[in-house]
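The values are calculated or read from the model by the stated rules, or taken from the named source; none is laboratory data. Note that the structure is a prediction, hence the values are computed from the model and not measured. Virtual Cβ from ideal backbone geometry, glycine too; neighbours counted across all protein chains shown.
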Amino acid sequence: MNSKHLELMIIIAKRGLANKIVAAISEYATFPSIIMSRGTASNEILAALGIGEPEKDMIFCFTEFSNVQNIYKILEIDFSFTEKKLGIAMTVPVSAVGGNLTLQILLGKTKDLM
């Protein structure tokens, strides 16, 4: 079981923001992966959601549940996600991982293992 309440965070942001976001949340998130993506929504849906261009950066990273609100605050304060409609973020709880070593790696606690 996941006693540390590990979360997978998915951030979809305007193309070009991924590296800045990863740097800003690095204190709270580990194991970031950036994927350049392209949305498939129609122009009508894009206009309704106010997200404009379909080219996006997707960031996948891990964090403890206790850090989720800190990351959301950074996205809002540093990047004005809500006001400027630059992206969205969500978390998915990770209910289990393959062993304690894997959990420690995903939590960024490998220094404790040395």
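Conditions (1) more than 20 Å from Thr91 (Cβ to Cβ); (2) among the small types (Gly, Ala, Ser); (3) at pLDDT 90 or above, marked per residue:
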site: Arg15; (1), (2), (3): yes, no, no
site: Asn19; (1), (2), (3): yes, no, yes
site: Phe31; (1), (2), (3): no, no, no
site: Arg38; (1), (2), (3): yes, no, no
site: Ile45; (1), (2), (3): yes, no, no
site: Ile59; (1), (2), (3): no, no, yes
Next on the checklist: Cβ-Cβ under 7 Å, sequence separation 6+ or interchain: first residue in the stretch 70-83 and touching a residue at least 12 places away in the same chain (Cβ under 8 Å) and surrounded by 12 or more Cβ atoms within 10 Å (Cβ to Cβ), partner of a type in the set (Ser, Thr, Tyr) and not in a helix (DSSP H, G or I). Which pairs?
Outcome noted: Asn70/Tyr28; Ile71/Tyr28; Ile71/Thr63
Item to check | Failed criterion for Ile71 (all others in (1) within 11 Å of the chain's Cα centre (by Cα); (2) modelled with pLDDT under 75; (3) of a type in the set (A, V, I, L, M, F, W, C) hold) | outcome: (2)
Checklist entry - If you check every pair at least six apart or on different chains, which have Cβ atoms under 8 Å apart with a residue in the stretch 9-32 that is on the phi > 0 side of the Ramachandran plot first and a residue that is crowded, with 19+ Cβ neighbours inside 10 Å and not in a strand (DSSP E or B) second? => result Phe31/Leu106
Checklist entry - Can you name the residue in the stretch 1-13 that is closer than 27 Å to Gly99 by Cβ, at pLDDT 75 or above and of a type outside the set (Val, Ile, Thr) and, of all such residues, is nearest to the chain's Cα centre (by Cα)? => result Met9
